[in-house]
Every structure is written in structure tokens, then in C-alpha cells.
Amino acid sequence: MKIWRAIVLFSAAALVAVPPALPAAQTFPDVDALPVQMQMPDVMTMDDGTRVTTLKQWKKRRDEMKAILEYYELGHAPPPPRNVTGKDIKSASVMDGTVDYRLVHLTFGPHRSLGMDIAIFTPAGKGPFPTIINPSFFMTPGVPMTNTPPPTMTNRLSLFFMSPQTPARAAMGYSNILARGYAIVTYRYTQCGEDNTNYRSSTFYPAYPGYDWGVLLGWVWGLSRVVDYVETQPFADKTKLIALGHSRLGKLTMVATAFDDRISLGAPAGSSGAGTGAYRFCGPGRGGKEGVEDMTRKFGYYFVPRLKEFTGQMYKLPFDAYWYTALTAPRPWISIEGTVDQNCVPSAVRQTVLAAQPVYAFLGVSTNRVAANYEPHRHMLTADDWNAALDFAAHQLRGIDHHRAFDNFPTDDTSTNNISAK
């Protein structure tokens, strides 16, 4: 009887998910002890100095790169929970019956105690469809209230972004994307980590004590939970999953695509400081506009505190932005930009693209898989940006050539436009 009771108790315990223990973090040199590297650190040279010449070495090098990025910039996230499920909350037909809408509540994590709401829009008809995952500043369509606004929003902007989004209104905003045969999955990003210094007190963070992840990595971890669900759904072509986000959500998209190989194409847009522009070519004294030190001063909670230690010694960074693009290779990647974005330096983005191209060539694919597109605007995401991203995706994932180039960079004079804003 005691043996049987013990077996029952053991079986019940096995069914209850508990927070995983934080693995022993790999340590690296202190920031002050790092060597000065005026050039961007080479992704094709391993930590022991060996040159990468084989795919087996590249796989190992990718792990080394991720460990460096986690230690100096991102922090360490818990492993995937492996228990993501979704429950349909509501559904509707919108856009005169041409689009189907679903609101789905995801649950996951220890004791399935974590959750988030996602809105799914699909063209009416039979899938599977190439699917865009779009973390958004707006409320999740169909949800009356999600989270508080970012602390930098003005009252007017807060009202704009905090207004409830009806499914019909949201579908109108995505109408061109849906008409081109794409499904859209969107959600309010702060469900994955509040955009303020108190982020550790809510959302996913209390369930995983001991992890040192900044809120940027929490947003990334949340997007991967969306991928967990989407790849099980018949509406989605899981070989054509596209991540696109703007501004701080461009940083999110950049990191998520690098760390989650299931994302077929990454399209970070207007990602600003600590985004797609090479860190050594933007910021004070290095190209102007917004640099890593600006981000750690204003939004230090995005990252681990260690990143701020590079202020005043940025050339000691043992990595650069193009590492995220290299980690994405050989999957397609495009930086979506504005010609007069007050935060982003075109020459820095160009340095990232150029530095990543040899990795794509090494992996045996065309270097046109890494690209950038510029439209005439400031810091915003426009319909023309969406069209460019979809044209690029159509070419790279669907074999549809729209006969346009994605390698034209504007001439920028950062010495006369040194703006550090967000």
C-alpha cells in the first residue's frame, strides 16, 4: 500500500510544472578587462582563435555568440515551457466576410499560471497562409485593456495606443497584408513584460525567480511562445513565419529572429539604438543619433546592467549588431527604415548588412537574403514599409519576384543631425 501510494504521489508531482533552476551562467571577462576592438568582432573566429571553416564549427560558434550576447547585453531567459495551449475566446467574420478573426488566450509555464491574448486574422478560405507575427504598441484587438503605456508616451499618445482596438478596425489596418494572402497574429507586447523599471513584479517574471533577463528578452521569450502555438495551427504555413515589429519592437524582432530558428524571416523596423545599426557606427562621437549608451541611460531595464558599463568604452564591446543578423543566417532578414528617421543612422545599418553578407555566402545562399529598405519618413512604420517587407518576403519565401532592389541606402550626414531621441 505504501509503495502504491508513493507511485501515485510521484505521478501526480510529475504532472505539475515547476520553475526550472537557473543554470550556472558562463562567465566572461569584466568589461574593463576586455580589449579594445575598433573593428566589429569577427563572427567567423571562435573564442579559441580558430577560424570557422565547417558547418560543425559554425554551429558551435553560434552557441558561443549567443552566450556572449546573453552575458553582456540580454541576460538569460528560462527554457521553453513546452506546455503552450490556446483557448478560443471569441471569433468573428470581418471585412465583409473576407477575413476571419479569432481571439485566443494562451496559457503556459509553471502550473500553467502564465498567459497572454493574441488576435489572429486570416484571409477567408483554405490555408495554410504565410503568417506574420506582429508585436504591437496597440491593445490586442478585441481586448478592452491590456497593460499600462510605456513611460515615455505623452498623454495624447497614451490615449492613442491605449484605446481598445475592435477586430473590424484592426483588420482595416492590416487590409493590404491580408489581401496579399498573409495571416496576421498580433498582440500587445507588454503582456510579456511591462515597459518600465518594475517589470520584474508582473507578467512572466515572478514565475522564474533567479533569472537575470532584461525586459527585452522577456518580450522575445513571449514572442517564441506565440510561435509555439502558431506552428500547431492549420491556418499557418510554419515554413513561412515572419516577425515584424517597430522601434523597441524592432529590437525585439531582431533578437527573436536570431534566437528562434523557427522564424523564417525577420523584419526589424526602425529599431534605433541597440538595434540593427552597427553599435560602433552610431551614437555620440561615432555617427550620431541614438547609440547603445543612450539606450542604457534611458531604458537600462531592457538589458542586463553590464551593458551600461560600456559607456565611454564602446570599442570594448566583444560583439556588434550584425551578430544578430549572422545568427539569423541563412534565413532572410531585412531592416525596414525611414530615410530621415531621427534615431537611426543609415551608414550604421549598412555596416551591419555588409558585415553579415559573408556569413550568408559561407552558408551557401545568396547575399541578397540580408537586406535593408528605406522609405521617405521619420520614426514611424508606414504602409510603404509594410509593402516593402511583403515584397521582400514574397521573393525570399514564396518565389514571387517584384523586381525591386533592397540594397539602396540614403546619404546621411550625421554630423548635422545628431539627435538622440526615442
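The values are calculated or read from the model by the stated rules, or taken from the named source; none is laboratory data. All values reported here derive from a predicted model rather than from experimental measurement. Reconstructed Cβ throughout: ideal geometry from the backbone, glycine too, with neighbour counts over all protein chains shown. Quick note on the areas: whole protein, heavy atoms, side chains included, nothing else; ligands and nucleic acids left out. Shrake-Rupley method; radii C 1.70, N 1.55, O 1.52, S 1.80 Å.
Couple of notes before you dig in:
- Integer Hz, Karplus 6.51/-1.76/1.60 couplings in order for the range 319-328, x for Gly and Pro: 8, 8, 4, 5, 4, 5, 5, 4, 5, 6
- Whole-number accessible area per residue in Å² for the chain, which is evaluated in the context of all protein chains at 1.4 Å: 42
- Charge dipole (Cα centre; +1 on Lys/Arg Cβ, -1 on Asp/Glu Cβ; no other charges) of the range 37-94 amounts to roughly 380 debye.
- Kirkwood hydrodynamic radius (C-alpha pairs) into Stokes-Einstein, the range 203-304, 25 °C and 0.890 mPa s, D in µm²/s: 167
- Karplus (6.51, -1.76, 1.60) ³J(HN,Hα), θ = phi - 60°, over the range 168-183, in Hz, Gly and Pro reported as x: 5, 5, 5, 4, 4, x, 9, 4, 5, 5, 5, 5, 8, x, 9, 8
- When the P(r) is computed for the range 360-401, the part past 15 Å accounts for 51% of the Cα-Cα pairs.
- Rounded if a/c under 1.5, otherwise prolate or oblate - the range 298-422, Cα gyration tensor axes: oblate
- Across the range 205-217, rounded Karplus estimates of 3J(HN,Hα) from the backbone phi angles (6.51 cos²θ - 1.76 cosθ + 1.60, θ = phi - 60°) give 5, x, 6, 10, x, x, 7, 9, 5, x, 5, 4, 6 Hz, Gly and Pro being marked x.
- For Ile89, the amide hydrogen comes within under 5 Å of the amide hydrogens of Leu103, Val104, His105, counting only partners 5 or more places away or on other chains and with H modelled in the peptide plane.
- Taking a straight Cα-Cα cut-off under 29 Å and skipping sequence neighbours fewer than 8 places away in the same chain, the lysines within cross-link reach of Lys316 are Lys56, Lys59, Lys60, Lys66, Lys251, Lys289, Lys298, Lys308, Lys422.
- Cα convex hull volume per residue for the range 33-74 (Å³): 84
- Each DSSP beta bridge with both residues in the chain is either parallel or antiparallel, and the antiparallel ones are about 50%.
- Carbon plus sulfur fraction of accessible area for the chain, probe 1.4 Å, in percent: 57
- Toward the positive end of the charge dipole of the chain, with +1 on the Cβ of Lys and Arg and -1 on the Cβ of Asp and Glu, the farthest Cα among Pro376, Gly250, Phe235 is that of Phe235.
- Projected onto its three principal axes, the C-alpha set of the range 311-376 covers 37, 34, 14 Å, listed from the longest axis down.
- When its C-alpha radius of gyration is set against 2.2 N^0.38 Å (N residues), the range 245-317 gives a value of 1.11.
- Short to long, the 10 Å bins of the Cα pair-distance histogram for the chain hold 5, 22, 32, 26, 11, 3, 1, 0, 0 percent of all pairs.
- For the range 288-331, the Cα gyration tensor yields ellipsoid semi-axes of 21, 12, 11 Å (square root of five times each eigenvalue, largest first, whole Å).
- Cβ charges +1 (Lys, Arg) and -1 (Asp, Glu), total dipole of the chain, debye: 1020
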